[in-house]
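Undergrad: Right, I'll just put the structure down here and ask away after.
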């Protein structure tokens, strides 16, 4: 950058001096002023402005402008400064904007106050971006900085053309001409918009600000893809102004990113500096340089907005304490508040504060703690001084706990039906409320069997509590408006009965978080730590044998460096396996002091604290997260070790969304479910069921937040950790090609061995009888042999008796097991029902719905909305495929018509002879008969677009596919076709290329994920399970 200049210009008159001071006080250099600052007053000024206006006929007279116009702009006689702008489209220099010495005012009726119009733009004129004249010293400085040999001529047009032709030069976009002038003064190219909203064409009824085009002059400058800094005002104290700036920054950033620019946001927190010119004056060139060095990416900026928006808690009493003070809760209890909300980061003593209040001030009160995990329930029962529903005393009752029994109890949400609906508690504690509510809405645990009843029981117990003078205490590090609104809406509470405390203390300011962009680099760092003899803990999101970075395969990898007794693996399998040393370890964490390496899944999460005095000091913590469950859960898992060691974390930049239609917009998700319920209502009358439609809204609020976290996973994680006080760093060490190859090969080798060993153990296991199966399944802890027998029996219960060829061929069985550990079962179920046809599915679904409706009415059951959708899904899916022209019979014929042996023979002929030989062409022609070309797939995709246009969102709703995600992809048709095939248990595999009629065609084969004989056996098993007269008649 260039040094500041403080020279003064010669005086003219007082008005001129005041106008000039306006520029000089903004840190604008003399040469920028002399090129761009213009001053005029009197009739000359009035005429100049009027000449640049575009008036309507009513504003004009034979001699000039009307008296109304003359009066409106009479204040311009007192003088004003103005600037011109270079218009790159017309190549003209135009009058742009002015600031009068005596600005006019108007009365704002909406706010009942008088407003000043500081800046004037000629009437009828557009509001283009202002391209100021750039001094040649700045041009020369940029040429030297970016090593550009040629220089432009010293004229307005050539200088901006030179900027455009050199995309290595970054450009800043700011609001207001003085801010752009200040940046140009210190060597930063900047263009100015008239306001934060004038970066794009005007909003119309058909196009919101998200979809209007950028101003043409801005597109002209930025079409060559460059680094662009958005430098809007960042320290405005008015909330409405902050929200407006954030919204427009997000909108502009999205449009600039679509053009291929690298967009960064300049941000600062100094409240005395509203604009970048104020910051320059106060902090100088070095301060501005630091701002640009610390700029954040557009992705990170949007992640920060999302984190602030979706986790915002309004109307809180804010504190900043290392340990949350219990007296705040005690006082709120005495004030008879219905809901007390506690928002405070991990390690700040939320639960400890609640425990102190319950033990000291609530000895004679009836208390219930509800949570979502068994380990957390057991932990909280001890900390809060309550009985646990897992205690022998409670288990032996074997009945509901009635209101007359004085149990102070900690219970898991899944077991809530064990409590009588009429029970009334004085205090109900909901620790980790966000996770509790989302667990209730979406968990795949035991709650899914009675979700509607359990949720109804939950809100009945909460309602009993608050309606009888009791209080709900809810706490969470991420407590938000969603949680509080959910409770208050379901309980019909006025928000005046709610008090929320927000502790802004950041407990992790002594911790470094090192972000690693490759899992291979993280493994290299793990090896270094192990070789040094350091104690480490690894938190990973995978625990299946097919996950190369899951707990099982990480353990096998690390066993090559350390003996078995030095590695503790804690996941769903080991904590309940009586053959493992980790069995029951969550009840005795002291045993972890023996470990040099602790590997854990999210089995170690909320409710399990690995304190230093319990597990000993850990030197380094590592995290691997692939986005296969909510980001909040991983963050909880990563924080289980309470010590202040460095954390090394790998996460991908983004992951596919996992909830409903994948939208990060809750309104779109609500609309998606409304459409699905409408489709279901076509299959059967949903009014015959009793269900809570408002749960759709809160499911969508939580679900869209989770999807939003995953869409920008790494950036969102960094923002969340910054808010906790972490010192964020990027991993700097390199990894060689040799190291990459070695680590990759070892990963693959271990994964293949683990999956083969697992499949063989399963293959050798016996199938249990129903009584044996139920007995083993009910055990909380079981041997490896029992666990394998249970899983082997599960295969039969899902697929029926397996095909003989699976039981005779271990390799085939292994492939089947690996596919089953993925998504094979739901894919084949979908294929099976679609093969029956929509008419038969309609009969079956209506029969199921009628039985469900009768049972619900007889037993007064609440039906959860997703259970309703489940009842109709087969009819809707199969009908949609028929509309799309996709036939399961046709797919099956094509899949069976081209065998692996045919493909192997074709390759062998090509090797032994060549692809022009008669034998190869004959073998190819046999395959071509049932293969699919890229052209046919593209034609199908084109017809799909026509059907989408005809049916609206109905197709996407029915298939749970967001086809908009494919619209900008070059291989859109192929991506779409693969998406649908994958949901039916098929893959698309390349066969060969062929030149025909001067065009190259690619041929593909449809391949089933299971052998045809295996599929036929599964089909027969499932078909025999369907027993109803309507099906036989159909």
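Undergrad: Got at least one residue in the range 241-254 being surrounded by fewer than 18 Cβ atoms within 10 Å (Cβ to Cβ), closer than 19 Å to residue 223 by Cα and without any contact (Cβ under 8 Å) to a residue 24 or more places away in the chain?
TA: Checking the range 241-254: not a single residue is surrounded by fewer than 18 Cβ atoms within 10 Å (Cβ to Cβ), closer than 19 Å to residue 223 by Cα and without any contact (Cβ under 8 Å) to a residue 24 or more places away in the chain.
Undergrad: Go through the range 261-310 and report how many residues are under 22 Å from the mean Cα position of the chain (by Cα) and modelled with pLDDT of 90 or more.
TA: Count: 4.
Undergrad: Follow-up question, since we're still on this one. Tell me the residue from 696, 649 that is at pLDDT 90 or above and either under 26 Å from residue 485 (Cβ atoms) or in a loop (DSSP other than H, G, I, E, B) (or both), please. Working first, answer last.
TA: Working: 649 fails: either under 26 Å from residue 485 (Cβ atoms) or in a loop (DSSP other than H, G, I, E, B) (or both).
Going through 696, 649 in turn, just one is at pLDDT 90 or above and either under 26 Å from residue 485 (Cβ atoms) or in a loop (DSSP other than H, G, I, E, B) (or both): 696.
Undergrad: Determine whether residue 832 is more than 28 Å from residue 938 (Cβ to Cβ), surrounded by 19 or more Cβ atoms within 10 Å (Cβ to Cβ), at pLDDT 95 or above and outside the structural domain of residue 451 (by TED's automatic domain parsing). Spell out the reasoning first.
TA: Numbers: more than 28 Å from residue 938 (Cβ to Cβ): yes; surrounded by 19 or more Cβ atoms within 10 Å (Cβ to Cβ): yes; at pLDDT 95 or above: yes; outside the structural domain of residue 451 (by TED's automatic domain parsing): yes.
Taking the combined requirement at face value, the residue satisfies it.
Undergrad: Still on this model: Looking only at the range 385-435, which residues are over 26 Å from residue 860 (Cα atoms), modelled with pLDDT of 80 or more and in a helix (DSSP H, G or I)?
TA: 433, 434, 435 - these are the residues of the range 385-435 that are over 26 Å from residue 860 (Cα atoms), modelled with pLDDT of 80 or more and in a helix (DSSP H, G or I).
Undergrad: Follow-up. Looking only at residues that are within 13 Å of residue 601 (Cα to Cα) and surrounded by fewer than 22 Cβ atoms within 10 Å (Cβ to Cβ) in the range 546-558, which one is farthest from the chain's Cα centre (by Cα)?
TA: Of all residues in the range 546-558, those within 13 Å of residue 601 (Cα to Cα) come to 547, 549-555.
Of the ones still in play, those that are also surrounded by fewer than 22 Cβ atoms within 10 Å (Cβ to Cβ) are 547, 549, 555.
On the way: 547: 22, 549: 22, 555: 30 Å.
Only one residue fits best here, namely 555.
Undergrad: Here's something else I'd like to know. Tell me which of these residue 143 doesn't satisfy, since it passes every other one: (1) closer than 19 Å to residue 193 by Cα; (2) within 42 Å of the chain's Cα centre (by Cα); (3) not in a strand (DSSP E or B).
TA: Failing condition for residue 143: (1).
Undergrad: Evaluate the range 864-878: report whether one residue or more is in a loop (DSSP other than H, G, I, E, B), touching a residue at least 60 places away in the same chain (Cβ under 8 Å) and surrounded by 18 or more Cβ atoms within 10 Å (Cβ to Cβ).
TA: Checked the range 864-878: at least one residue is in a loop (DSSP other than H, G, I, E, B), touching a residue at least 60 places away in the same chain (Cβ under 8 Å) and surrounded by 18 or more Cβ atoms within 10 Å (Cβ to Cβ).
Undergrad: On the basis of being touching a strand residue (DSSP E or B) at 6+ places or on another chain (Cβ under 7 Å), surrounded by 18 or more Cβ atoms within 10 Å (Cβ to Cβ) and assigned to a helix (DSSP H, G or I), does residue 484 make the cut?
TA: Values: touching a strand residue (DSSP E or B) at 6+ places or on another chain (Cβ under 7 Å): yes; surrounded by 18 or more Cβ atoms within 10 Å (Cβ to Cβ): yes; assigned to a helix (DSSP H, G or I): yes.
The answer is yes for residue 484.
Undergrad: Name the residue that is modelled with the lowest pLDDT, counting only residues in the range 781-809 that are surrounded by fewer than 17 Cβ atoms within 10 Å (Cβ to Cβ), over 30 Å from residue 872 (Cα atoms) and touching a helix residue (DSSP H, G or I) at 6+ places or on another chain (Cβ under 6 Å).
TA: Only one residue tops the list, namely 805.
Undergrad: Pairs please, first residue from the range 134-156 and in contact (Cβ under 8 Å) with a residue 12 or more places away in the chain, second anywhere and loosely packed, with under 14 Cβ neighbours inside 10 Å and in a loop (DSSP other than H, G, I, E, B), Cβ atoms under 7 Å, 6+ apart in sequence or on different chains.
TA: 136/154; 146/168
Undergrad: Further question: For the range 582-595, which residues satisfy the criterion of being assigned to a loop (DSSP other than H, G, I, E, B) and touching a strand residue (DSSP E or B) at 6+ places or on another chain (Cβ under 7 Å)?
TA: From the range 582-595, those assigned to a loop (DSSP other than H, G, I, E, B) are 582-584, 588, 595; that's our starting set.
582, 583, 595 - these are the residues of the range 582-595 that are assigned to a loop (DSSP other than H, G, I, E, B) and touching a strand residue (DSSP E or B) at 6+ places or on another chain (Cβ under 7 Å).
Undergrad: So which residues in the range 646-669 are crowded, with 19+ Cβ neighbours inside 10 Å and over 17 Å from the mean Cα position of the chain (by Cα), if there are any at all?
TA: The answer is 647, 648, 649.
Undergrad: Within the group 902, 921, which residue is assigned by TED's automatic domain parsing to the domain that holds residue 960, in contact with a helix residue (DSSP H, G or I) (Cβ under 7 Å, 6 or more places away or on another chain) and in a helix (DSSP H, G or I)?
TA: Working: 921 fails: in contact with a helix residue (DSSP H, G or I) (Cβ under 7 Å, 6 or more places away or on another chain).
Testing whether each residue is assigned by TED's automatic domain parsing to the domain that holds residue 960, in contact with a helix residue (DSSP H, G or I) (Cβ under 7 Å, 6 or more places away or on another chain) and in a helix (DSSP H, G or I) leaves just 902.
Undergrad: Quick test of your reading of the structure: residue 753 fulfils all but one of (1) touching a residue at least 40 places away in the same chain (Cβ under 8 Å); (2) surrounded by fewer than 16 Cβ atoms within 10 Å (Cβ to Cβ); (3) under 29 Å from residue 654 (Cβ atoms). Name the failing condition by number.
TA: Checking residue 753 against (1) touching a residue at least 40 places away in the same chain (Cβ under 8 Å); (2) surrounded by fewer than 16 Cβ atoms within 10 Å (Cβ to Cβ); (3) under 29 Å from residue 654 (Cβ atoms), the one that fails is (3).
Undergrad: For the range 989-1006, give me the residue count where each residue is surrounded by fewer than 16 Cβ atoms within 10 Å (Cβ to Cβ) and in contact with a strand residue (DSSP E or B) (Cβ under 7 Å, 6 or more places away or on another chain). Full working, then the answer.
TA: First, pick out the residues of the range 989-1006 that are surrounded by fewer than 16 Cβ atoms within 10 Å (Cβ to Cβ): 989-990, 993, 995-1000.
After this cut, where a residue has to be in contact with a strand residue (DSSP E or B) (Cβ under 7 Å, 6 or more places away or on another chain) as well, the list is 989-990, 993, 1000.
Count: 4.
Undergrad: Right, next: With respect to the numbered conditions (1) loosely packed, with under 14 Cβ neighbours inside 10 Å; (2) in a helix (DSSP H, G or I); (3) assigned by TED's automatic domain parsing to the domain that holds residue 800, which one is the sole condition not fulfilled by residue 760?
TA: (1)
Undergrad: Among the residues that make up the range 965-985, is at least one of them assigned to a helix (DSSP H, G or I), surrounded by fewer than 20 Cβ atoms within 10 Å (Cβ to Cβ), at pLDDT below 80 and in contact with a helix residue (DSSP H, G or I) (Cβ under 8 Å, 6 or more places away or on another chain)?
TA: Checked against the condition, which is being assigned to a helix (DSSP H, G or I), surrounded by fewer than 20 Cβ atoms within 10 Å (Cβ to Cβ), at pLDDT below 80 and in contact with a helix residue (DSSP H, G or I) (Cβ under 8 Å, 6 or more places away or on another chain), the range 965-985 yields at least one hit.
Undergrad: Which residue is farthest from residue 179 (Cα to Cα), if the candidates are limited to the range 16-44 and must be at pLDDT below 90 and in contact with a strand residue (DSSP E or B) (Cβ under 6 Å, 6 or more places away or on another chain)?
TA: 16
Undergrad: Residue 282 fails exactly one of the following numbered conditions: (1) free of Cβ contacts under 8 Å to residues at least 40 places away in the same chain; (2) part of a loop (DSSP other than H, G, I, E, B). What is the number of that condition?
TA: (2)
Undergrad: Related question: Would you check if there is a residue in the range 159-174 being assigned by TED's automatic domain parsing to the domain that holds residue 266, in contact with a strand residue (DSSP E or B) (Cβ under 8 Å, 6 or more places away or on another chain), within 30 Å of residue 75 (Cα to Cα) and crowded, with 21+ Cβ neighbours inside 10 Å? Give the steps one after another, and end with the answer.
TA: Keep residues of the range 159-174 that are assigned by TED's automatic domain parsing to the domain that holds residue 266, which gives 159-174.
Those left that are additionally in contact with a strand residue (DSSP E or B) (Cβ under 8 Å, 6 or more places away or on another chain): 160, 163, 170-174.
Checking the rest, the ones that are also within 30 Å of residue 75 (Cα to Cα) come to 174.
Going one step further and asking which of them are crowded, with 21+ Cβ neighbours inside 10 Å, we end up with 174.
Scanning the range 159-174, I find at least one residue that is assigned by TED's automatic domain parsing to the domain that holds residue 266, in contact with a strand residue (DSSP E or B) (Cβ under 8 Å, 6 or more places away or on another chain), within 30 Å of residue 75 (Cα to Cα) and crowded, with 21+ Cβ neighbours inside 10 Å, so the answer is yes.
Undergrad: I'd like the full set of residues that are part of a helix (DSSP H, G or I) and more than 21 Å from the chain's Cα centre (by Cα), limited to the range 597-641. If you could, list the steps in order and put the result at the bottom.
TA: Step one: list which residues in the range 597-641 are part of a helix (DSSP H, G or I), which gives 612-615, 631-638.
Passing the criteria: 612, 613, 614, 615.
Undergrad: Among (1) out of contact with any helix residue (DSSP H, G or I) (no Cβ under 9 Å at 6 or more places or on another chain); (2) crowded, with 19+ Cβ neighbours inside 10 Å, which single condition is residue 271 missing?
TA: (2)
The values are calculated or read from the model by the stated rules, or taken from the named source; none is laboratory data. A quick note: this is a predicted structure, and the numbers were derived from the prediction, not measured. Because the Cβ atoms are built from the backbone with ideal geometry, glycine has one as well, and the counts that use them run over all protein chains shown.
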